[in-house]
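Pasting a structure here, questions to come.
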Amino acid sequence: MDKTINQKAWFLVLPVFAVVAFSAILPLMTVVNYSMQDTFGNNQFFWNGVGWFKELLDPSTDLGGRFLASLGRNLLFSAIILAIEVPLGIVVALSMPREGWTVAVCLVILALPLLIPWNVVGTIWQIFGRPDIGLLGYTLNSLGIDYNYVSNEFDAWATVIVMDVWHWTSLVALLCYAGLKSIPDAYYQAAQIDGASRWAVFKAIQLPKMNRVLLIAVLLRFMDSFMIYTEPFVVTGGGPGNSTTFVSIELVKIALGQFDLGKAAALSLVYNLIILIVCWVFYTVMTNAGAERPEKKGAA
Amino acid sequence: MNTIPGRRIIMVVFLIFLLLPIYWLVNMSFKTNTEIVTTMTLWPHQPTLENYKRIFTDESWYSGYINSLTYVLINTVISIAVALPAAYAFSRYRFLGDKHLFFWLLSNRMAPAAVFALPFFNLYSAINLFDTPWAVALAHCIFNVPLAVWILEGFVSGVPREIDETAFLDGYSFPRFFAKILVPLIASGIGVAAFFCFMFSWVELLLARTLTSVNAKPISAIMTRTVSAAGMDWGLLAAAGVLTIIPGALVIWFVRNYIARGFALGRV
């Protein structure tokens, strides 16, 4: 907190600023430019003002309907995977072995899904879930459950969600584990002397210590699930119908599939704005949580 | 560390859940297509290395791995190089707009790749970098540089300020202090940051695919070619998939002792 004020520090930040500005501001200006124009083709553009934005936010138009539907699906998806991954991640972190070689083995296996390219994750589950050649699909079907993620909406959703849980629960678990590791043994000894129950230890010692990392976990998981593209695209292609078409899939369809630059640009800006707002809320909560900590220590 | 009842069973079940789909992929990669399509076997009954052989001998296949590794390495080097001084600045000094700048960086880490796919295509075509590893490496900087700054800032803050002050009193110039004292002190942090840059650049597909067409095509995009007139070549697809998992697995093994702290982005 006792940082010195030094404007020359800007020179140290300058390279980062240059690199990120080149890849963020420049392309974003193109997007803003497109979002205000329409074209007859042949690179002839004319001013369209806020027309695309009006269409985008009006559910009765084709564009608006598609955008709002995919937004709703995406929010539902994010809510479901957060509701599964956060508690499951905490449980897994609490189940980590205490010491010995098993710790390293568990850590490596946990981290493994995180380093698989996203389309390979999609491929793995596409194969794994197929009724003819996949272990999961084959087993479910021979147990008498009619499972087919290509034609059944519910099965498609279930597959995409289980895939995400498989892919990302480890991230939450590893973050929580890091938080748990930072708790000194003395805390547990004190709890033991006080005769605290396991639940009390969890609530009074472990959960508060994990607060900060959990916040990071929720932020990362929300953001990444909100912009998920590759994995469901590989598995279901957004189908059956449009049932697993999330916002990014819709956007890529409009931008690179139909080459509807104006519509895609307007969608991009609104999409980005939503992310920016959520990000800002988290950032504020996070910095406030950081600032409160020393005060609490002083009071105790 | 205090744990919960039945933790061994929970852990074993979860690990099996993680490994089973990967096992299935490995299993398939050693099978012939006939065996895959006609029978349901839990392990390859007629194990074959044919699928791997094809990947290692066909240039259009293995060049994909080289392309992917090239842009991942370029990206990692750029990200760490520009992020180091910035992390030091954010950790030690207050300056005009520092908080806003930090938030702006963070928000770029969160920006959806789909938003940038089309403008990046235009941008890199305009400056003649399209279909080179540099285009993908620079494009991936948008999320890796902020992440590297974020991780390294946490590690630099763990170095006591007294060390800086003593070094400057001893007559170290700033660049010398940086190279001789600070960098060795946060070596593990640099390793962690490099690991994450590697990871996120390696797993990303949308931008990598959009920014390349022939010469710099990443392996993950080449994989989609296995659909041919004769149907899906499942064994080949599985073998290619397995080979994309291996670099990640190797990297994890090297940083296993720092994984937990690394995933907390140096903030525990």
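Taking helices (runs of 4 or more DSSP H) that do not extend beyond the range A:8-97, which have at least 2 residues that are exposed (fewer than 13 other Cβ atoms within 10 Å of the Cβ)?
A:9-35, A:62-94
Take B:TYR62 and decide whether it is of a type in the set (Phe, Trp, Tyr) and without any contact (Cβ under 8 Å) to a residue 60 or more places away in the chain.
Yes, satisfied.
Suppose the filter is under 22 Å from the mean Cα position of the chain (by Cα) and surrounded by 13 or more Cβ atoms within 10 Å (Cβ to Cβ); does B:ARG161 pass it?
When the stated conditions are applied, B:ARG161 does not pass them.
While we're looking at this one, here's another question. Confirm whether B:TYR71 is touching a Pro at 6+ places or on another chain (Cβ under 7 Å), buried (at least 16 other Cβ atoms within 10 Å of the Cβ) and in contact (Cβ under 8 Å) with a residue 60 or more places away in the chain.
Against the criterion (touching a Pro at 6+ places or on another chain (Cβ under 7 Å), buried (at least 16 other Cβ atoms within 10 Å of the Cβ) and in contact (Cβ under 8 Å) with a residue 60 or more places away in the chain), B:TYR71 qualifies.
Here are some conditions: (1) open to solvent by less than 20 Å² (accessible area, probe 1.4 Å); (2) touching a Leu at 6+ places or on another chain (Cβ under 7 Å); (3) within 24 Å of B:TRP253 (Cα to Cα). A:ILE127 meets all but one. Which one does it not meet?
For A:ILE127, the failing item is (3).
Same structure, new question: Would you confirm, using the coordinates I've provided, whether A:ILE277 is assigned to a helix (DSSP H, G or I), modelled with pLDDT of 85 or more and within 23 Å of B:VAL203 (Cα to Cα)?
No; evaluated as a whole, the condition is false for this residue.
Sticking with this one: Considering only the range A:187-203, state which residues are within 11 Å of chain B (Cβ to nearest Cβ) and assigned to a helix (DSSP H, G or I).
Scanning the range A:187-203 gives A:TYR187, A:TYR188, A:GLN189, A:ALA191, A:GLN192, A:ARG198, A:TRP199, A:ALA200, A:VAL201, A:PHE202.
The rows are residues; the columns are (1) part of a helix (DSSP H, G or I); (2) within 16 Å of the chain's Cα centre (by Cα); (3) more than 9 Å from chain A (Cβ to nearest Cβ); (4) of a type in the set (Phe, Trp, Tyr).
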position: B:ARG109; (1), (2), (3), (4): yes, yes, no, no
position: B:TYR124; (1), (2), (3), (4): yes, no, yes, yes
position: B:VAL136; (1), (2), (3), (4): yes, yes, yes, no
position: B:ALA139; (1), (2), (3), (4): yes, yes, no, no
position: B:ASN144; (1), (2), (3), (4): yes, yes, yes, no
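Continuing with the same structure: Considering only residues that are more than 7 Å from every other protein chain (Cβ to nearest Cβ) and among the small types (Gly, Ala, Ser), look in the range B:78-107 and name the one that is most open to solvent (accessible area, probe 1.4 Å).
Residue satisfying both the conditions and the ranking: B:ALA81.
Mind checking which pairs have a first residue in the range B:4-26 that is over 21 Å from A:ILE90 (Cβ atoms) and in the same structural domain as B:LEU243 (by TED's automatic domain parsing) and a second that is open to solvent by 60 Å² or more (accessible area, probe 1.4 Å) and not β-branched (Val, Ile, Thr), Cβ under 7 Å, 6 or more apart or different chains?
none
Does A:TYR147 qualify as being farther than 15 Å from A:LEU94 by Cβ and in contact with a Leu (Cβ under 6 Å, 6 or more places away or on another chain)?
Criteria met by A:TYR147.
Filter the range B:156-173 down to the residues that are of a type in the set (A, V, I, L, M, F, W, C), outside any loop (DSSP other than H, G, I, E, B) and either in contact (Cβ under 8 Å) with a residue 24 or more places away in the chain or within 12 Å of chain A (Cβ to nearest Cβ) (or both) and list them by number.
B:VAL156
On to the next question. Restricting the search to the range B:236-257, which residues are more than 10 Å from every other protein chain (Cβ to nearest Cβ) and modelled with pLDDT under 85?
Listed by number, the list holds a single entry, B:PHE254.
Conditions (1) away from chain A (no Cβ under 12 Å); (2) modelled with pLDDT of 85 or more, marked per residue:
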| site | (1), (2) |
| --- | --- |
| B:ARG8 | no, yes |
| B:GLU35 | no, no |
| B:PRO44 | yes, no |
| B:THR76 | yes, yes |
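Confirm whether A:PHE154 is of a type in the set (Phe, Trp, Tyr), under 17 Å from A:LEU76 (Cα atoms) and modelled with pLDDT under 90.
It is true that A:PHE154 is of a type in the set (Phe, Trp, Tyr), under 17 Å from A:LEU76 (Cα atoms) and modelled with pLDDT under 90.
Looking for whichever is crowded, with 17+ Cβ neighbours inside 10 Å and of a type outside the set (Gly, Ala, Ser) here; the options are B:LEU152, B:LEU169. Which one fits?
The match here is B:LEU152.
Determine whether B:ARG54 is open to solvent by less than 30 Å² (accessible area, probe 1.4 Å) and among the charged types (D, E, K, R).
no
Which helices (runs of 4 or more DSSP H) does the range A:110-185 wholly contain that include 1 or more residues that are touching a residue at least 60 places away in the same chain (Cβ under 8 Å)?
Correct list: A:118-129, A:153-181.
The values are calculated or read from the model by the stated rules, or taken from the named source; none is laboratory data. Owing to the predicted nature of the structure, the values given are computational and were not obtained by experimental measurement. Cβ atoms come from the backbone with ideal geometry, glycine included; neighbour counts cover every protein chain shown. Accessible surface areas use protein heavy atoms only, side chains included; no ligands, DNA or RNA. Shrake-Rupley method; radii C 1.70, N 1.55, O 1.52, S 1.80 Å.
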